[in-house]
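Visitor: My questions all concern the structure below.
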Amino acid sequence: MAEPATQSPYISSSAGSGSSEPGGRDLKGSGSHQSCADSFVSSSQPVSLFSTLQVRDLIFWRDVKKTGLVFSTTLILLLSLAAFSVISVISYLILALLSVTISFRVYKSVIQAVQKSEEGHPFKAYLDLDVALSSEAFHNYVSSAMVHVNHALKAIMRLFLVEDLVDSLKLAVAMWLMTYVGAIFNGITLLILGELLVFSLPLVYEKYKTQIDHYVGIARDQIKSVVTKIQAKLPGVAKKKPE
């Protein structure tokens, strides 16, 4: 008597694709579907994931040379913007770049004329590069940006239309404090301070993670307790049920 047919785990894993062939062929099909799914996921969010990993490596100084180059360049740029206007800084940067490239172009032309060589244009390899932005890459950038824009618009509507009274009051207090910060610092100074903190705080946190987490937890508990007391005294604020 023939044994009843049992469903193979490979068949169940590929049921959504419509394949019902048993044995190795089904396993191969499942693997191909999995690889297609992986490629779709990797192609749908290449920009955000890659950028996040790069930024994390930069601020944690994984590559000292690369981080040092980015940090020094951006810091010099911000300091220049603090001393000069944006138009002056951009003009000086373009002039500096043109001075380097023109000087190198003339130098190579003189060397080729003296040596009677035919090496051609010194930047030919760079001129032949395809720097055009593909439509797929452009759509990926736009899609990634639209996600953040939609979240920001939703948060703005929720705060300004007072969906949650406590959150709107938090924003009001933060903006009130920022008026005092703006009276002391200008925007460029805040950007410089922000860059110094971004490239220093992650290293400090990574080194003293346990101690910092302990004190941050204490401060968070105190703030939560104060917010809960204020929320309990405000009229018309719905009490949130504990999770």
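Visitor: If you go through region 186-239, how many residues are within 29 Å of L169 (Cβ to Cβ) and not in a helix (DSSP H, G or I)?
Guide: 7
Visitor: So, one more: Go through (1) under 30 Å from T228 (Cβ atoms); (2) outside any helix (DSSP H, G or I) one by one and return the number of the condition H121 breaks.
Guide: Here H121 clears every test but (1).
Visitor: A follow-up question, please. Hey, could you check region 83-118 for residues that are open to solvent by 100 Å² or more (accessible area, probe 1.4 Å) and not in a helix (DSSP H, G or I) and say which is nearest to I192 (Cα to Cα)?
Guide: Among residues in region 83-118 that are open to solvent by 100 Å² or more (accessible area, probe 1.4 Å) and not in a helix (DSSP H, G or I), the one nearest to I192 (Cα to Cα) is F84.
Visitor: Based on this model, can you work out whether L169 counts as loosely packed, with under 13 Cβ neighbours inside 10 Å, aliphatic (A, V, I, L, M) and assigned to a helix (DSSP H, G or I)? Full working, then the answer.
Guide: On the way: loosely packed, with under 13 Cβ neighbours inside 10 Å: no; aliphatic (A, V, I, L, M): yes; assigned to a helix (DSSP H, G or I): yes.
Answer is no for this residue.
Visitor: Show the residue pairs that are 6+ apart or on different chains and have beta-carbon atoms under 6 Å apart, the first residue being within region 185-207 and more than 18 Å from L77 (Cβ to Cβ) and in contact (Cβ under 8 Å) with a residue 40 or more places away in the chain, the second being open to solvent by 70 Å² or more (accessible area, probe 1.4 Å) and among the aromatic types (F, W, Y).
Guide: Short answer, once both residue conditions are applied: none.
Visitor: Hey, another quick one. Out of everything in region 179-205 that is open to solvent by 90 Å² or more (accessible area, probe 1.4 Å) and more than 26 Å from F84 (Cβ to Cβ), what residue ends up being nearest to the chain's Cα centre (by Cα)?
Guide: Selected residue: L201.
Visitor: Which of the residues that make up region 28-76 are modelled with pLDDT of 50 or more and either closer than 17 Å to S144 by Cβ or open to solvent by 90 Å² or more (accessible area, probe 1.4 Å) (or both)? Full working, then the answer.
Guide: In the first step, residues of region 28-76 are kept if they are modelled with pLDDT of 50 or more; the result is 51-76.
Once the filter is applied, which keeps residues that are modelled with pLDDT of 50 or more and either closer than 17 Å to S144 by Cβ or open to solvent by 90 Å² or more (accessible area, probe 1.4 Å) (or both), region 28-76 yields S51, T52, L53, Q54, V55, R56, R62, V64, K65, K66, L69, I76.
Visitor: Turning to a different aspect of this structure: Can you name the residue in region 125-142 that is polar (S, T, N, Q) and either open to solvent by 70 Å² or more (accessible area, probe 1.4 Å) or not in a helix (DSSP H, G or I) (or both) and, of all such residues, is farthest from L234 (Cα to Cα)?
Guide: S134
Visitor: Where residues in region 144-160 are under 14 Å from the mean Cα position of the chain (by Cα) and among the small types (G, A, S), which of them is most open to solvent (accessible area, probe 1.4 Å)?
Guide: A145
The values are calculated or read from the model by the stated rules, or taken from the named source; none is laboratory data. From a predicted model like this one, the values you see are computed outputs, not experimental measurements. In this analysis, Cβ positions are derived from the backbone assuming ideal geometry, glycine residues included, and neighbour counts consider all displayed protein chains. Remember, those area values only see protein heavy atoms, side chains included, never the ligands or the DNA or RNA. Shrake-Rupley method; radii C 1.70, N 1.55, O 1.52, S 1.80 Å.
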